[in-house]
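Single-structure report; data block below.
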Amino acid sequence: MSEFPTFEQAMQQMQGMLEKLPEMAPPMQMPPQQRADRATAVMVQNLDARFGTYLESCIHCGHCAEACHFFQVTGDPKYTPVHKLDLLRRTYRRESGPFRWLYRLFSQPITAEELADWKELAFDSCTMCGRCTLICPMGIDIAAMVHVVRESISAAGLAPPEIRAVEAEQATQDTVFGASPEKLKEVIGMLEQQAGIEIPLDREQAEMLVLTSGLDIMMNPRGLLATAKVLNHLGADWTLRSDGYESINFGAQVCDKEIHKDIARRRIDTAKKIGAKTLLLCECGHTYPALRWAEGIYQEPLPFEVIYISDYLGKQVQAGRLKLRRDGRSVTFHDPCKTGRVGGIFDQPRAVLEAMGDEVCETPDHKMTNFCCGGGGGGFLLNNLPLRSKVYQMKMQQFDATGADTVVTACGSCRLNFATAKMMLESERPIESLVELAADHLPDDEGWRRPG
Amino acid sequence: MSLLEFARGPAFQAAVAILVFGVFWRLLGVLTLRWGQRQTEPRASAAAGGVRTVFSRFWPRRGLSRNVRTGRFLGYLSHIGLALVVFGGVYHIETIHGVLGVAWPALPGSLISVAAVIALGAFLGLLGRRLMHPTVRFLSTWEDYFSWAVAVLPLVTGLLAGAGLGLDYATLLAIHILSAELLLIWLPFGKLFHGISFVPSRAFTGANYGRRGVKI
Ligand code: SF4
Ligand code: SF4
């Protein structure tokens with residue numbers, strides 16, 4: 001696959017585009033009171049029995065700070081996870097809580113100014129990684145509520161412009177980073193020609209609908225190529241569809257429920273249209289909860305299985321269907337938060353690595369307690385490198401501690417963050433993708449089977 | 001009516017009534033809010049996850065206990081000490097018997113005194129942590145300090161009454177009972193409510209992650 005730019009080369013090209021994002025954000029002018037009202041309405045709408053119970057239960061012990069990478073690398077109390085929920089708690093107490101009549105006498109409603117201040121706490125310094133949820137003695141799911149804070153800041157038109165730009169693109173174009181259907185076709189043509197592999201597009205019926213991502217299409221076609229190679233090798237009956245190929249769901253990242261549902265619904269409709277029994281998600285962590293655990297779109301369970309690529313590969317290995325060449329390196333695996341801690345997929349990617357004869361050296365904090373890459377939840381789009389770079393440094397130290405030669409992950413966004421970290425810290429250790437490694441380790445002696 | 005009679009009679013009845021009403025009001029107020037819809041196919045049992053997390057959170061997760069050891073340790077000491085005093089003291093058991101009709105053997109008085117002293121020491125340690133630990137101080141509001149005082153007062157007055165220090169026994173006892181009643185009255189309103197809400201709070205998270213196949 002050497003004819004394509006490496007991930008790091010592609011990332012450097014993308015950097016220029018990311019820097020222009022703020023200029024592309026649509027203006028969101030409105031009076032301050034309207035911003036506050038919209039945010040309050042979103043909060044109240046979201047405050048259900050679960051969140052209410054959480055907000056009634058915090059004992060201000062501060063333990064959650066010790067789990068959060070942003071606190072860990074700065075020591076600044078303002079990054080304490082539960083503090084990121086202050087506006088939500090105030091709104092809950094004033095609007096939804098059992099003593100709201102009392103709290104209204106002694107507290108002020110949230111303001112647009114406060115929402116603007118909280119942007120940094122909910123977006124720049126929270127990747128919704130869920131690590132703090134592990135440590136809280138009350139079991140409070142802080143990340144789930146940061147989601148609500150983000151949604152309310154977005155509703156107030158105060159989300160970071162970088163994020164709003166991509167969100168607007170997805171809302172109107174159904175894709176991101178300019179990865180149009182034409183571009184997809186162009187990339188597929190290029191891959192088929194250069195790699196001599198068939199990538200089925202727009203088949204009317206298929207057992208499996210595969211979603212790729214704007215990141216892979218525009219930046220890392222190797223990811224798509226690798227997925228195609230493995231699926232063809234396994235003889236999967238699969239297709240990509242130009243009317244539903246984007247797995248990235250910015251609605252889920254920015255926490256705009258309507259866009260989230262709209263994008264998810266479209267993907268679901270495409271899968272149903274072609275009679276798919278499986279919907280396979282490419283390496284982009286947030287796509288898994290965005291679709292697999294998207295509630296309230298259909299009133300019944302989906303008529304197909306939603307499976308993440310690392311889960312799929314691992315299960316193929318475990319079932320003995322996928323055999324890989326063994327070359328026995330020492331690797332460490334970074335679990336993307338959204339598929340690991342929030343998704344429960346831990347053993348499958350490791351099974352793939354072991355099938356390649358790799359020795360998996362775990363980081364000091366791994367699997368459930370693994371630290372976020374530093375730029376999840378759309379964080380890598382933000383111009384807040386000074387803060388993120390401290391997390392990058394910590395992550396790199398954790399990788400160093402393993403003594404492994406290579407870092408492997410199964411998320412394009414995590415990889416993007418590590419590639420940035422690698423450049424900044426002049427690290428030599430390669431950062432690889434699980435599916436690309438698997439494709440590179442397919443047995444030589446077997447030709448690519450044709451799909452279907 | 002003497003102060004002691006007041007404390008044992010109308011004040012006690014009022015405190016219990018406020019406690020029961022307040023706890024129900026707060027619990028119902030929260031639990032009757034909307035319940036989130038769940039249509040996605042679970043990967044594992046939500047109920048099992050919920051039950052598991054209610055218990056698993058009594059102990060910090062391995063790998064995450066590094067910087068919270070002091071807080072956790074003081075938390076255990078204060079809570080266990082307080083529980084021994086409240087549920088092991090002979091007079092306390094008699095009081096509970098009077099209200100609920102159930103009783104159990106009491107612990108020796110000397111053990112109760114030791115438990116009370118340990119609990120008090122742990123509470124002082126927790127206060128010190130709240131005042132000195134930058135993060136905890138940053139998070140703290142007047143309510144954290146008030147609730148601390150309300151929880152500690154019965155311990156202090158109980159120890160004083162037990163030792164017969166300061167005032168005459170009847171007055172000391174009345175003050176002790178009144179301070180315990182203040183705790184009962186405040187429990188449903190402030191953060192002491194975590195003694196009840198920790199169950200649904202942990203269960204919600206356990207169930208939500210449990211259905212995703214994650215043991216949290
Ligand atoms: S979800 Fe992650 S980033 Fe956000 S507050 Fe919790 S630990 Fe920090
Ligand atoms: S760990 Fe939990 S209870 Fe403690 S401050 Fe954080 S959210 Fe509150």
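None of the figures in this text is laboratory data; all of them are computed from the coordinates on show. Since the structure is predicted, the reported quantities are computational estimates derived from the model, not experimental observations. Cβ: placed from backbone, ideal geometry, glycine included. Neighbour counts: every protein chain shown.
From the square roots a ≥ b ≥ c of the eigenvalues of the alpha-carbon gyration tensor of segment B:85-213, which class results: rounded (a/c under 1.5), prolate (a/b over b/c), or oblate? Oblate shape, in that a/c is at least 1.5 and b/c is the bigger or equal ratio.
Distance from the Cα centroid of segment A:142-177 to that of segment A:337-399 is 23 Å (rounded to whole angstrom). Note on segment A:32-157: Cα-only Rg and Dmax are 13.8, 40 Å. Compactness of segment B:123-182, taken as the C-alpha radius of gyration over 2.2 N^0.38 Å, stands at 1.36.
May I ask you to sort A:Thr212, A:Thr363 by Cβ crowding, counting other Cβ atoms within 10 Å and putting the fewest first?
A:Thr363, A:Thr212
Remark: for residue pairs A:Lys367/A:Lys395; A:Lys119/A:Lys367; A:Lys229/A:Lys323, the C-alpha separation exceeds 20 Å in A:Lys119/A:Lys367. When the Cα positions of A:Asn384, A:Gln173, A:Trp293 are compared along the charge dipole of the protein assembly as shown, A:Trp293 comes out farthest toward the positive end, with charges on each C-beta of Lys, Arg, Asp and Glu. For A:Lys277, the aspartates and glutamates whose Cα comes closer than 15 Å to its Cα, not counting residues fewer than 8 places off in the same chain, are A:Glu204, A:Glu207, A:Asp237, A:Asp269, A:Glu305, B:Glu41.
If only the Cβ of Lys and Arg carry +1 and only the Cβ of Asp and Glu carry -1, the dipole of segment A:32-157 around its Cα centre is close to 280 debye. Mean per-residue shielding of peptide A:289-298 is 3, counting Cβ atoms of other chains within 10 Å of each Cβ.
Using Cβ point charges alone (K and R +1, D and E -1), the dipole size of segment A:131-212 about the Cα centre works out to roughly 420 debye. Note on B:140-150: average number of Cβ atoms from other chains within 10 Å of each residue's Cβ is 1. Grab the beta carbon distance between B:Leu100 and A:Ile197, set R0 = 60 Å, and tell me the FRET efficiency rounded to 0.05. The computed FRET efficiency comes out at 0.20.
Comparing Cα centroids, segment A:90-104 and segment B:151-216 end up 23 angstrom apart. For the residues of A:127-137, the average number of beta carbons from a partner chain within 10 Å of their own beta carbon is 4. The ranking of A:Arg350, B:Arg130 from fewest to most other beta carbons within 10 Å of each one's beta carbon is B:Arg130, A:Arg350. Each 5 Å bin, from zero up to the one with the longest distance, holds this percent of the alpha carbon pairs of segment A:361-452: 3, 12, 21, 22, 16, 9, 5, 7, 4, 1. Cα centroids of segment B:41-112 and segment B:7-23: 23 Å apart.
Please give the calculated 222 nm ellipticity per residue for chain B, where each DSSP H segment of at least 4 residues contributes -39500 (n - 2.57) and the sum is spread over every residue; nearest 500 deg cm²/dmol?
Taking each H run of at least 4 residues, the total per residue is -24000 deg cm²/dmol.
With the charge dipole of segment A:32-157 set up from +1 on Lys and Arg Cβ and -1 on Asp and Glu Cβ about the Cα centre, the Cα lying farthest toward the positive end among the listed residues A:Pro109, A:Cys126, A:Ala144 is that of A:Pro109.
Taking neighbour Cβ counts within 10 Å as the exposure measure, how do A:Thr53, A:Thr402 sort from fewest upward?
A:Thr402, A:Thr53
Annotation: cysteines of chain A without a disulfide-compatible partner (Cβ-Cβ under 4.7 angstrom) are A:Cys58, A:Cys61, A:Cys68, A:Cys126, A:Cys136, A:Cys255, A:Cys282, A:Cys284, A:Cys361.
Axis angle, to the nearest 10 degrees, between helix A:181-195 and the longest C-alpha principal axis of chain A: 30 degrees. Report summary: the helix-based calculation at 222 nm, which adds -39500 (n - 2.57) for every DSSP H run with n ≥ 4 and divides by the residues of chain A, gives -14500 deg cm²/dmol.
Compactness ratio for segment A:178-249: Cα radius of gyration over 2.2 N^0.38 Å (N = residue count) comes to 0.99. For chain B, the longest principal axis of the C-alpha atoms and the axis of helix B:169-186 are separated by about 20°. For chain B, the dipole from Cβ point charges (+1 on Lys and Arg, -1 on Asp and Glu) about the Cα centre works out to 1660 debye, to the nearest 20. Against the empirical curve 2.2 N^0.38 Å, the C-alpha radius of gyration of the protein assembly as shown lands at a ratio of 1.08. The long axis of helix A:257-273 is offset from the longest Cα principal axis of chain A by roughly 30 degrees.
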